[in-house]
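I have placed the structure first, in the form of structure tokens, so that the comments after it can refer back to it.
Values in this text are rule-based calculations from the coordinates and carry no lab data. All values derive from a computational prediction rather than experimental measurement. As a convention, Cβ positions derive from the backbone with ideal geometry for all residues, glycine included, and neighbour counts pool all protein chains shown.
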Amino acid sequence: MEDARKRSYGTRDRFTTVKWFLQASSGMFLVFFMAVHLYVAHINGGSPIELFDSIVRNLSNPWWLAFFLVFVWIITYHALNGVKGIVYDMGVSRRMKRYVSYTFIGIYLATVVYGTILALIVASTVSA
Amino acid sequence: MTEHKASIISWFRFDRKGLGFFAYSMHRFSGVVIVFYLYLHYAVLSNLLRGQATFDAVVRAAAYGPYGIFIVMDVLLTVVIFYHGANGVRLMLNEMGLGLAHHKALFFVLEAGAMALMLLFLYYAWQAVLSGSGL
């Protein structure tokens, strides 16, 4: 067991390990979030053409609203961090990695801000 | 530390590379597919702002598509999501030092479990589709 752990972490610096931990832990959260989402949207939500009512009903509940906001923040982080890792593995230079990183941070912020505003607008429209 | 280049095409060169490479390649490929779908999903959800009639029309078109072909694509997407999730769990367990000695068996067990859950999900989701399509 100890040898296996050394094999896993032995070649990584601390920052890389933290980034790996964030990617892995966000992935574990997503297993749970995705299971709930698939159930609520595709089984409990009824037929696809009833989704509007299902979505607005859920978003008018503050707990579901919080759930979906955290879901958006985490899944977007996990997704973009994964794509960034793929781009890094394409052999980009250290300098270029910095620009790639800034680009992905920008895409992340734009996505979560947009997703948050969208959810809040829909929720406020329903409760108004 | 040696840098290694990995083009996307090289993900699909499976010859003599073993199960580990297949799992690695498919994890990345499935991840890219999910990211593409994620942003498509956000785009569809943006139609919530355009009211129920527009949103329902968009979702109905996106749910069924011409000749129901989008349902086939949804099933393929479901395979990709469940594969990615199960392999992600395996990777995390392996990184924690669990199941490393039997990582191939762990891969098959987790993927089989995920596919069984997926079939269960598809069965119930299909009931919902049938109830709304008038099929």
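Computed quantities for the displayed model
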item	result
Helices (runs of 4 or more DSSP H) (entirely within the stretch A:19-128) containing at least 3 residues that are touching a residue at least 60 places away in the same chain (Cβ under 8 Å) and in contact with a helix residue (DSSP H, G or I) (Cβ under 6 Å, 6 or more places away or on another chain)	A:94-127
Odd one out for B:H103, checked against (1) surrounded by fewer than 18 Cβ atoms within 10 Å (Cβ to Cβ); (2) free of Cβ contacts under 8 Å to residues at least 24 places away in the same chain	(2)
Subset of the stretch A:97-128 (residues that are of a type in the set (A, V, I, L, M, F, W, C), within 12 Å of chain B (Cβ to nearest Cβ) and either within 16 Å of A:S60 (Cβ to Cβ) or over 14 Å from the mean Cα position of the chain (by Cα) (or both))	A:I117, A:L118, A:A119, A:L120, A:I121, A:V122, A:A123, A:V126
A:T103 vs. criteria polar (S, T, N, Q) and over 30 Å from B:A53 (Cβ atoms)	yes
